[in-house]
1. Taking a probe of 1.4 Å, how large is the accessible area per residue of segment 601-687, in Å²?
2. Run the accessible area of segment 525-681 with a 1.4 Å probe and give the carbon-and-sulfur part as a rounded percent.
3. What is the spin-label model distance, in nm, from Lys290 to Ile129 if the labels are put 7 Å beyond Cα along the C-beta direction?
4. Show me the GluC sites (Glu not before Pro) within segment 128-219 that DSSP assigns to loop and that have at most 14 other Cβ atoms within 10 Å of their Cβ.
5. Of the heavy-atom accessible surface of segment 414-456 (probe 1.4 angstrom), what whole percent is carbon and sulfur?
6. So between Asp162 and Thr479, what do we pick up on full extension, going 0.36 nm a residue minus the alpha carbon distance?
7. In whole Å, what is the distance between the alpha-carbon centres of segment 508-568 and segment 154-228?
8. Between Leu423 and Leu324, what is the label-point separation in nm under the 7 Å Cα-to-beta-carbon projection?
Amino acid sequence: MNEQSEKKFKRYTITSALPYANGPIHIGHLAGVYVPADIYARYLRSKGEDVLFIGGSDEHGVPITIKARKEGVTPQQVVDTYHGIIKKSFEDFGVSFDIYSRTSNQIHHETASEFFKKLYDKGEFIEKISQQYYDEEHQTFLADRYITGTCPHCGFERAYGDQCENCGTSLNATDLINPKSALSGSVPVMRDTKHWFLPLDKYEPWMREWILEGHRDDWKTNVYGQCKSWLDHGLQPRAVTRDLDWGVKVPLPDAEGKVLYVWFDAPIGYISASREWAGQTGKDWVPYWKSEDSKLVHFIGKDNIVFHCIVFPGMLKAEGSYILPDNVPANEFLNLENDKISTSRNWAVWLHEYLEEFPGKQDVLRYVLTANAPETKDNDFTWRDFQARNNSELLAIFGNFVNRTLVLTQKYFEGKVPNMGPLEDYDREVMAEMAGFPERIARSIDLYRFREALNELMNLARLGNKYLTDTEPWKVFKTNPEKVRTTLNISLQICANLSVLCEPFLPFSAEKLTQMLNITPLKWADAGSASLIPGGHSLNQPGLLFEKIEDAAIETQIQKLLDTRKSNEAANAIARPAKDVIEFDDFGKVDLRTGTIIAAEKVAKTKKLLKLTVDTGIDKRTVVSGIAEYYEPENIIGQQVAILVNLAPRNLKGIESQGMILMAEDHDGKLCFIAPTSLMKNGSEIR
């Protein structure tokens, strides 16, 4: 640990990456950012620390405008919708933000403009004229995401100007082959445009010392390694403005049609949210951002490491009055059922849907995401593991211990805490071991090892379970009730300790347990004690902390994902290549007519065949068709069809089939009738 991390702080400023307001929150966001951030904030509050925990929606940038254009609404309508969904999801999930703001707020526009203007007035920016693609039809410069073309690396024809989503390669718009405007479809032209750049290269020597020397020992390996890689490649000036009409307007007279680049204005959202919080609470936001006795910690995913460790610190250093992050404990990515989470493919577990489908089980998801957190490498969430961890850990260990303890106290002592009697060596060992858990859990949380901390919490529950099992109070009560008094008193003290120590991880369960114990919520400093609940104290009726999750609930979720995968495959299915070219005279031999099915029945001893009687307008004939898996005979009587009437008869299962019904076949084999869009006379020619 470096000197900065060992020092004592008067206050803590905790930021969590601002989720992009063009879609809801999924479990990848939770595991990477919001669950660990909330654990850390709740833990510090329990210790009595002064904490400002900041969240908010990132509401500017090109993806917002693209989504608005696709949906035929305004960017403001898009962000209003998703900000509301995200904010409510966080509230229902128990993420304890002190402020959850949004970057479309006026206070953010003012804060970001002031920040830019201060750097501009100090001469910190470089002004450059560069060439950028321009859509002459729409008379606008094009952001990279509004340019599509062929990827020069893999040949994918729908690559974006910033990245090919087929091979994952980062691109510049000028790299694309045959670029086109996503707005008009026309070929864009290059035009001169003026922008302002932050010269990150100017701060590279300072960053090498601050990061590579100053945080060599206390930043996570993945964070330090990514920063070192960027610094070793050499930093370059980075544009802080762009040509767009959605965002914070550049506060300069010669900047019409330009806004602050979203990477520049979004982290300033932490500061503007703090100012908003100060206005709501009457507190002073300045010490949380400008006092050296404040600790700033950014919780982010690995895709944001560069912005929070290099770019934003570069901005703060250039401004000159702000503290720098003490730590940026970024997590890796969480996969879902061995596949990368993808919002575009709907391959995700969405938080708002989880809360509806698993009511009252916020803590189960919090537990599983922490126990399986991608702290050092990408990890995988599966529904079977979710079920197993709930049933075999939360329910069988934690919940079982609490329930047994409270039920036995009700049974033997009418729900009143028995006084502790004489202690045996085993009792003393258990109490001594219990006393060490607060420090061990705290140490792990202080080091941002939340998975390790959660395991220690469960070890306390395991200790309690083993203690009850070993002492067998249900067997001992008749012969030695005094011993049972001691056993249940110590077990209840462990329950009280669990109510304190689990609160950062499982806040809803902590509240339930506190109510069952009929005690006021305790603080971290109380934990470790074997006298948290006095003898004679009345407990409330015991309830279940956790419930078994049945197979049916899990099968539903797995099927939901399978349906999503099937839908994605259908959406991305590629049509088969055209068959060999034929001459017009060949096509002229084909006689296609409209007809109507007037009778239908299944062909015996087959799964696929139906025997149809079709009125062709020429005659009434029998046709055998392989559509029985998709259509019931009684449902297609009266269905108008397209029929090939001059096909040579063919014997199928002893039935002479006189023609062929035309069907469209999807990529998965699904069949659909080809029929006129309005009723036609039977026998009408199709040409």
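The values are calculated or read from the model by the stated rules, or taken from the named source; none is laboratory data. In this text the structure is predicted, and so the values were computed from the model without any measurement. Cβ placement follows ideal geometry from the backbone for every residue including glycine, while neighbour counts extend to all protein chains displayed. Side chains included, ligands, DNA and RNA excluded: accessible areas come from the protein's heavy atoms. Shrake-Rupley method; radii C 1.70, N 1.55, O 1.52, S 1.80 Å.
1. 64 Å²
2. Here it works out to 52 percent.
3. 3.9 nm
4. Glu136, Glu137, Glu157, Glu165
5. Numbers: 1030 of 2310 Å².
Roughly 44 percent, rounded to a whole number.
6. Computed gain between Asp162 and Thr479 is 106.4 nm.
7. The two parts, judged by their Cα centres, are 44 Å apart.
8. 4.9 nm
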